[in-house]
Amino acid sequence: MTHQDPFFTVTQLAAELGITVRTLHFYEAQGLISPQRAGNTRVYTARDRGRMILILRGKRLGFSIREIREYLELYDMDPTHETQTKALLKSVRARIHLLAEQQAALTQTLSELQDIEQQAEAALRTMQMASTGRST
């Protein structure tokens, strides 16, 4: 299947995106994609594929389903995409700020744990030397 083909089956789209069929069904149930029907078969368009790429990228970057939905809705409502781009920029900046805070907290936690590790190792060495000294 090439990107020029007009339709994808659920299996084809899932395979192309490296996700499960269940994942596609989940995002359909969330209202983020709306495949067409050919009889009982779901048929996905290039637009659905594009939306799924955006959805998966948003999830990978830590955005919630609600945030992704809002972004996609703005895309549909604003043909200039100015509103969408402004909203994206605001969300990205907020996410960067949050991740920077988490990074600082992780750095501090790692430093504290490394200090505790060094103190525990030193205490064990002292205990081992004391027990060796007592037995001789």
Whichever residue in segment 37-55 is of a type in the set (Ser, Thr, Tyr) and surrounded by fewer than 18 Cβ atoms within 10 Å (Cβ to Cβ) and, among such residues, is modelled with the lowest pLDDT
41
Of all the helices (runs of 4 or more DSSP H) wholly in segment 1-114, which have at least 3 residues that are within 17 Å of the chain's Cα centre (by Cα) and among the charged types (D, E, K, R)?
46-60, 65-77
Hey, residue 87 within 20 Å of residue 55 (Cα to Cα) and surrounded by 10 or more Cβ atoms within 10 Å (Cβ to Cβ) or not
yes
Condition (residue is of a type in the set (Ser, Thr, Tyr) and without any contact (Cβ under 8 Å) to a residue 12 or more places away in the chain) applied to segment 50-64: is it met by at least one residue?
yes
When (1) among the β-branched types (Val, Ile, Thr); (2) farther than 23 Å from residue 6 by Cβ; (3) loosely packed, with under 13 Cβ neighbours inside 10 Å; (4) in contact (Cβ under 8 Å) with a residue 24 or more places away in the chain are applied to residue 68, the one that fails is (3)
Condition test on residue 96, is it among the β-branched types (Val, Ile, Thr), surrounded by 10 or more Cβ atoms within 10 Å (Cβ to Cβ) and in contact with a helix residue (DSSP H, G or I) (Cβ under 8 Å, 6 or more places away or on another chain)?
no
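The values are calculated or read from the model by the stated rules, or taken from the named source; none is laboratory data. Keep in mind it's a predicted model, so treat the numbers as computed, not measured. Reconstructed Cβ throughout: ideal geometry from the backbone, glycine too, with neighbour counts over all protein chains shown.
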